[in-house]
Amino acid sequence: MKGKRVTPSASVLPLPLQFIAAWLAVWIGRVLQQQIDYLKAENRTLKEAIGDRKIRLSDDHRRRLAVLGKALGRKALSEVATIASPETILRWYRELVAKKYDGSKLRTPGRPRIRNEITNLILRMARENETWGYTRIRGALANLGHHVGRNTIKRILLEHGIEPAPDRGKRLPWAKFIQAHFGSIAAMDFFTVEAVTLFGLVRYHVLFVIDIATRTVEIAGIARDPDGRWMEQMARNLIDSEDGFLRGKRYLIADRDPLYTAAFRRTLKSSGVNVLKLPPHSPNLNAFAERFVLSIKSECLNRIIPLGETHLRHAISEYMRHYHQERNHQGLDNALISADPAISTATKAVTSRQRLGGLLNFYHRDAASAVRS
């Protein structure tokens with residue numbers, strides 16, 4: 001049996017050539033090492049020259065260092081890197097990879113946000129209807145052509161601090177209570193005025209009642225030292241069967257002033273008027289009365305010096321005529337409470353009616369001028 005002939009492999013170099021290749025590799029490695037040693041020394045020299053000043057690298061610089069640093073590895077970087085630590089260079093590489101595969105710019109928008117118009121409508125329905133739950137609001141929105149999810153309505157209400165319907169329905173807002181009882185509720189309060197008399201300054205207490213529905217005000221009485229008996233008489237005057245201001249009213253809002261005695265409340269209750277005592281330190285609950293006090297003082301009493309009780313009564317009387325017939329009220333759509341029949345719009349002649357020496361003015365067209373023209 002003949003044996004196969006073995007030929008030398010083409011990849012195996014002759015011994016002399018292997019020696020020459022090994023010598024070249026050693027020589028090239030020595031040259032590269034010398035270059036690396038020089039570059040390392042140069043980097044250290046530059047870093048020492050710069051000192052503590054921070055080297056500002058651009059994104060391109062970081063990208064090049066990150067790619068080369070990743071190829072070297074952490075161990076080799078620790079021997080070569082001088083501008084930044086190996087951990088920093090490798091972090092740059094991770095950020096470069098993450099940026100390559102970042103698809104956030106390709107994402108499509110998610111569910112569109114609820115328009116402000118619909119959000120305001122949801123809040124309005126919840127505030128105006130304390131017993132409406134999420135499903136009821138959702139149905140009311142559907143009636144208007146807005147299709148909103150139940151959980152979306154829940155989220156919007158919670159973001160605006162509005163409680164669920166079971167909790168909202170337990171408490172009736174004071175403003176809604178007032179509106180629900182318009183025409184049968186009035187408010188009462190005092191204000192004081194200092195008048196100059198022969199005996200010095202005298203403080204007068206003015207008691208008034210306001211019809212919340214019509215904003216009509218009745219000055220019940222003016223006294224220097226009101227007491228329980230005086231208050232009982234004021235109560236009898238207010239519930240008089242012929243011209244009592246509180247006829248037909250069921251509730252009277254009043255604060256906790258001790259002048260509102262038990263006898264005073266019993267007198268009113270005998271005519272069907274129940275006194276609602278406000279909680280302590282709650283002036284906003286009697287806002288209609290407080291607003292009238294601000295008006296009469298800022299527009300009249302704070303701009304004059306009352307010279308005795310007679311002058312004070314005259315000033316208040318003039319202001320009350322102005323208040324009811326000549327003053328526009330924002331709470332009544334900027335209209336007058338009761339217009340004077342002598343006023344006409346049929347003439348172009350404008351005249352002015354003055355009270356308290358021009359302190360209170362009213363501009364109108366005179367009906368008599370219209371007839372003459």
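Over the alpha-carbon set of the stretch 179-332, work out the extent along each principal axis and list the three values in angstrom, largest first.
Extents along the principal axes, in whole Å: 43, 36, 36.
Give the long-range amide H neighbours of residue 220: residues separated by 5 or more places, or on another chain, with amide H under 5 Å away, using H modelled in the peptide plane at 1.01 Å from N.
Amide H to amide H, under 5 Å and 5 or more residues apart or across chains, residue 220 pairs with 207, 208, 209.
Name the long-range amide H neighbours of residue 245: under 5 Å, sequence gap of 5 or more, or other chain; modelled H, no Pro or chain starts.
Hits under the 5 Å cutoff: 240.
Of the listed peptides 67-73, 245-251, what is their order by residue-averaged count of other C-beta atoms within 10 Å, with the highest listed first?
Working: 67-73: 14.4, 245-251: 18.0.
For the peptides 67-73, 245-251, the packing ranking is 245-251, 67-73.
Sort the following peptides by mean Cβ neighbour count (other Cβ atoms within 10 Å, averaged over residues), highest first: 208-214, 293-299, 256-262, 87-93. Spell out each step's value before the answer.
On the way: 208-214: 20.3, 293-299: 15.3, 256-262: 12.9, 87-93: 17.4.
Packing proxy ranking, top to bottom: 208-214, 87-93, 293-299, 256-262.
If you bin every alpha carbon distance in the stretch 116-171 into 10 Å steps from zero, what whole percent lands in each bin?
Using 10 Å bins, I get a P(r) of 26, 63, 11, 0 for the stretch 116-171.
Semi-axes of the stretch 254-319's equivalent ellipsoid from the Cα gyration tensor, sqrt of 5 times each eigenvalue, largest first, rounded to whole Å? Intermediate results must be reported in sequence, preceding the final value.
Values: eigenvalues 164, 56, 22 Å².
Over the Cα atoms of the stretch 254-319, the semi-axes work out to 29, 17, 11 Å.
Any chance you could run the full-extension gain for residue 330 through residue 216? It's 0.36 nm times the residue separation minus the Cα-Cα distance, nm to one decimal.
Working: separation 114, 0.36 × 114 = 41.04 nm, distance 1.36 nm.
Computed gain between residue 330 and residue 216 is 39.7 nm.
Using each residue's phi in the stretch 185-199, evaluate 6.51 cos²θ - 1.76 cosθ + 1.60 at θ = phi - 60° and report the 3J(HN,Hα) Karplus result to the nearest Hz, with x for Gly and Pro.
So the J values, rounded to whole Hz, are 10, 9, 10, 10, 6, 10, 9, 10, 9, 8, 10, 8, 10, 5, 9.
No lab work stands behind these numbers, since they all come straight from the coordinates. All of these numbers come straight from a predicted model, not from anything done at the bench. A quick note on method: Cβ atoms are made from the backbone with ideal geometry, for glycine too, and the neighbour counts reach across all protein chains shown.
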